[in-house]
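Below is one structure; the comments refer to it alone.
The values are calculated or read from the model by the stated rules, or taken from the named source; none is laboratory data. None of these values were measured; they are calculated from a predicted model. Virtual Cβ from ideal backbone geometry, glycine too; neighbours counted across all protein chains shown.
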Amino acid sequence: MSESVLPEKLKTNLFVSVRKKRDKLSDGVSSAGESTGSEKNSNEENYFTLRRRRWGSDPRLQTCRGKLQNRRSKLNQEINKELMLRAGAENLYNASNNKRLKETVALELQFVNSNLQLLKEQLTELNSSVEIYQGNSSKLAIPMIPLGLKETKEIDFREPFKDFIQEHYSEKGTDYDETITEFMELREAMRTPERDESGVALLFEYFNQLYFIDRRFFPPDRSLGIYFEWYDSLTGVPSCQRTVAFEKACVLFNLGALYTQLGARHDRVSAAGLDSAVNCFLRAAGMFRYLHDNFTNAPSKDLSPEILEFLIHLMMAQARECLFEKLILSLRDEVAALLEAGQEAAQVAEEYKEVHKLLVSAAVKDYVPSSWNGLVSIKEEHYRGRSHYRVAEALLTFEGELPKYILEMLQYLHLPPVTNTTIDVGIPTSREERTLLGLSHAREAVLIHEEALRLHRMCRDLKRKGVLADVLRLNYESATFLLKEFEEEESELLQVFDPPPIASATKVQVSLATPDFSQHRVADLFRQLGPVAVFSAKHQWSEPRTVALTRTPTQGFGFSVRGDAPVVIAGVDRGSLAEHAGVLEGDLVVAIGSEDVKWLPHDEVVTLIREAGNSLRLTLVTPTDKNYYRLPKGKSGKNISPHSTTSSSSGVSSTGSSSTCSGVSNGIRSHYGSMNTSTLSSATATTKEKKSTWNLFKRSSSRDKLNMSHRNISDCNVILR
């Protein structure tokens with residue numbers, strides 16, 4: 001809407017100024033796939049412009065699906081702009097007492113709402129373009145319903161991350177420029193994944209990396225000012241939160257949506273292609289179920305429990321549909337096989353019936369495109385008609401007497417009658433009864449296929465889907481041909497009867513595929529900060545301080561160490577060099593000399609201390625969290641205090657060396673003489689090999705407690721005398 005709508009004398013009011021500012025901001029946002037924002041100065045490096053393409057990312061304009069997603073991105077931005085204009089106009093309308101101004105703003109609101117409605121209709125039309133996602137070989141198959149990806153805005157993490165590293169970790173933020181850029185490139189690539197397994201791997205890589213990012217940079221008590229904004233998949237409405245949990249949930253939603261697109265894309269004219277499609281739809285359902293069970297208080301509609309429940313049932317129904325198509329590929333022209341196919345088709349129809357019940361509920365019907373409602377209804381009728389057709393084919397085409405095992409199958413084929421006009425022939429005992437029952441099923445198949453064709457004509461979006469019309473017409477003609485062929489032979493049986501309902505049944509049970517995040521392990525990009533179990537955003541410690549210890553050949557340093565990654569000061573002798581230098585029990589050793597030792601195991605740190613000779617320079621930090629060190633359950637004793645004396649007084653050390661912890665040699669000895677260095681190394685390796693699990697949507701977990709076990713005072717200590 002142009003500004004000329006407002007009177008000239010009102011162009012200086014608040015509403016126009018707000019519009020100008022927002023238009024100026026919107027002009028700086030280009031289409032997805034291009035760099036956005038202007039440079040603060042000519043010397044500042046634009047990371048979004050210089051980003052490199054990662055493996056698994058898509059330039060977004062290579063394929064029809066990419067172009068469709070690009071159009072979705074543009075519509076999302078335009079919808080966001082109109083929503084901001086409407087919010088500003090509504091605020092001005094409520095705040096103003098000027099009658100003429102309120103009339104002008106009300107007129108502007110009408111135009112904004114009209115534009116917003118048109119944009120949403122365009123987005124709905126894009127979401128109805130299911131044929132673009134279908135495989136090229138699935139020409140004679142009913143289209144599957146895929147889900148479009150959620151869109152998000154670019155985020156510049158440079159300043160917030162560097163400031164937090166400087167403030168919290170007491171390190172230079174500029175040293176992590178390359179690492180932050182790599183993470184930003186990963187997120188940018190994640191926005192445009194390829195429609196294949198490499199794209200799935202890319203989304204999993206980013207999702208797993210968020211585990212480390214959440215723990216490194218997002219403390220539970222304050223915000224960094226980073227907002228994650230995502231657009232709703234089907235409405236384009238933006239949602240914004242400051243928590244990484246929201247970012248994780250949106251990435252998981254895109255993983256599920258990508259699986260739906262892969263399932264629709266697979267070749268459905270071969271058994272292998274159908275198996276792959278079933279696998280993708282089950283993985284999509286498992287992803288949505290995981291979201292449903294682990295993510296609550298969703299700010300966006302597509303993450304609400306009702307929508308996720310609908311998507312789960314939809315994907316399960318589509319997986320069942322692919323299994324039925326696989327059955328038809330190898331269907332034998334036998335009575336038993338045809339009857340089983342009829343019950344399998346009834347099972348597909350029953351599942352789509354459940355999907356339709358969820359779709360027409362109040363929480364879902366106004367959210368999904370109307371074409372989805374039409375397609376689900378068509379599929380329900382189509383497969384119900386195919387079930388009657390297969391049963392009719394089995395009964396009408398078989399010659400001779402029905403075998404005993406077929407009669408036993410017929411006992412469980414039909415449900416109890418539901419109307420008075422239902423034919424009272426459940427198990428035919430003669431040729432006439434079998435023909436009568438078969439003709440009733442054939443007539444019902446014809447009527448149901450006619451209803452499916454009518455629903456197709458009634459839906460404006462589906463009328464243009466030629467493949468769908470061809471499939472429906474082909475099945476209608478097959479049912480009509482079967483009915484006419486046997487009605488001519490049995491002209492006396494022209495009386496119309498309703499067939500008994502066919503019981504749904506299946507031989508193949510499907511289950512949700514729970515996402516396995518361990519298949520896509522990633523390395524912590526900010527590993528240099530130290531072990532994430534200790535050096536995380538929720539823990540606090542003092543600024544690093546350097547202490548220099550210089551001893552005589554007959555003097556000890558006066559402290560002991562234990563644990564690894566990082567090594568902890570286990571004890572400090574009273575009156576020793578360490579106590580005078582300010583070494584405290586419980587300090588973490590982060591560097592020895594100029595070498596960073598936060599990740600080094602216990603024995604390597606001891607070796608570095610031994611090699612330092614009589615002059616030792618340590619960089620230490622003191623944890624400031626309350627109850628940072630705790631004893632494990634079942635062990636007695638008090639928490640470590642800075643002045644506890646857990647080790648014996650130092651003795652006179654020799655100049656020799658030893659490879660064990662026992663005894664006094666080179667100023668190093670152990671509290672537990674029976675435990676040697678090799679035992680410590682073995683224990684360390686065992687600890688490293690343990691796999692920890694964690695809730696992906698919670699910041700705190702039991703993993704911290706597991707990784708803190710090396711802080712317990714009962715561990716083997718190495719005393720430096």
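Going residue by residue through segment 140-152, is there one that turns out to be farther than 18 Å from Leu258 by Cα and at pLDDT below 75? Checked against the condition, which is being farther than 18 Å from Leu258 by Cα and at pLDDT below 75, segment 140-152 yields at least one hit.
Does Tyr352 fit the bill of being assigned to a loop (DSSP other than H, G, I, E, B), closer than 24 Å to Gly148 by Cβ, assigned by TED's automatic domain parsing to the domain that holds Gln411 and of a type in the set (Phe, Trp, Tyr)? Break it down stepwise before answering.
On the way: assigned to a loop (DSSP other than H, G, I, E, B): no; closer than 24 Å to Gly148 by Cβ: yes; assigned by TED's automatic domain parsing to the domain that holds Gln411: yes; of a type in the set (Phe, Trp, Tyr): yes.
Answer is no for this residue.
Listed residues Arg527, Arg545; which is modelled with pLDDT of 90 or more and more than 39 Å from the chain's Cα centre (by Cα)? Answer to the check: Arg545. You will find that of His292, His313, the residue that is closer than 17 Å to Tyr367 by Cβ and free of Cβ contacts under 8 Å to residues at least 24 places away in the same chain is His292 and no other. For segment 153-171, taking the residues that are in contact with a helix residue (DSSP H, G or I) (Cβ under 7 Å, 6 or more places away or on another chain), part of a loop (DSSP other than H, G, I, E, B) and of a type in the set (D, E, K, R), the one that is nearest to Arg216 (Cα to Cα) is identified as Glu171. Residue count for segment 414-424 under the criterion of being closer than 18 Å to Gln343 by Cβ and either modelled with pLDDT of 80 or more or in contact with a helix residue (DSSP H, G or I) (Cβ under 8 Å, 6 or more places away or on another chain) (or both): the result is 3. Against the conditions (1) in contact with a Pro (Cβ under 7 Å, 6 or more places away or on another chain); (2) in a loop (DSSP other than H, G, I, E, B), His441 satisfies every one except (2). Residues that are at pLDDT below 90 and among the polar types (S, T, N, Q) were ranked within segment 199-238; the one that is nearest to the chain's Cα centre (by Cα) is Ser233. For segment 389-413, the set of residues classified as crowded, with 21+ Cβ neighbours inside 10 Å and either outside the structural domain of Arg431 (by TED's automatic domain parsing) or among the β-branched types (Val, Ile, Thr) (or both) consists of Val391 only. The number of residues in segment 236-284 being closer than 30 Å to Pro220 by Cα and assigned to a helix (DSSP H, G or I) comes to 13. Residues being under 30 Å from Gly236 (Cα atoms), assigned to a helix (DSSP H, G or I) and at pLDDT below 95 are entirely absent from segment 337-344.
Considering only residues that are small (Gly, Ala, Ser) and within 13 Å of Gly148 (Cα to Cα), look in segment 239-262 and name the one that is nearest to the chain's Cα centre (by Cα). Spell out the reasoning first.
From segment 239-262, those small (Gly, Ala, Ser) are 239, 245, 249, 256-257; that's our starting set.
With the extra rule that they be within 13 Å of Gly148 (Cα to Cα), the set shrinks to 256-257.
On the way: Gly256: 7, Ala257: 9 Å.
Checking each candidate, the answer is Gly256.
The residue of segment 278-303 that is surrounded by the fewest Cβ atoms within 10 Å (Cβ to Cβ), among those that are under 17 Å from Pro369 (Cα atoms) and under 14 Å from the mean Cα position of the chain (by Cα), is Leu303. The number of residues in segment 248-283 that are in contact (Cβ under 8 Å) with a residue 24 or more places away in the chain and over 22 Å from Pro299 (Cβ atoms) comes to 22. Pairs linking a residue in segment 604-620 that is modelled with pLDDT of 90 or more to a residue that is buried (at least 20 other Cβ atoms within 10 Å of the Cβ) and among the aromatic types (Phe, Trp, Tyr), with Cβ atoms under 7 Å and 6 or more positions apart or on different chains, are Leu616/Phe557.
Among the residues making up segment 596-628, a single one is of a type in the set (D, E, K, R), surrounded by 15 or more Cβ atoms within 10 Å (Cβ to Cβ) and either part of a loop (DSSP other than H, G, I, E, B) or in contact with a Cys (Cβ under 8 Å, 6 or more places away or on another chain) (or both): Lys598.
Could you please find all residues in segment 388-435 being of a type in the set (D, E, K, R), free of Cβ contacts under 8 Å to residues at least 12 places away in the same chain and either in contact with a Pro (Cβ under 7 Å, 6 or more places away or on another chain) or in a loop (DSSP other than H, G, I, E, B) (or both)? Reasoning before the result, please.
Taking segment 388-435 as the starting set, the residues that turn out to be of a type in the set (D, E, K, R) are 390, 393, 399, 401, 404, 408, 424, 431-434.
Add one more test, that the residue is free of Cβ contacts under 8 Å to residues at least 12 places away in the same chain, and what stays is 399, 401, 404, 408, 424, 431, 433.
Listed by number, the residues that qualify are Glu399, Glu401, Asp424.
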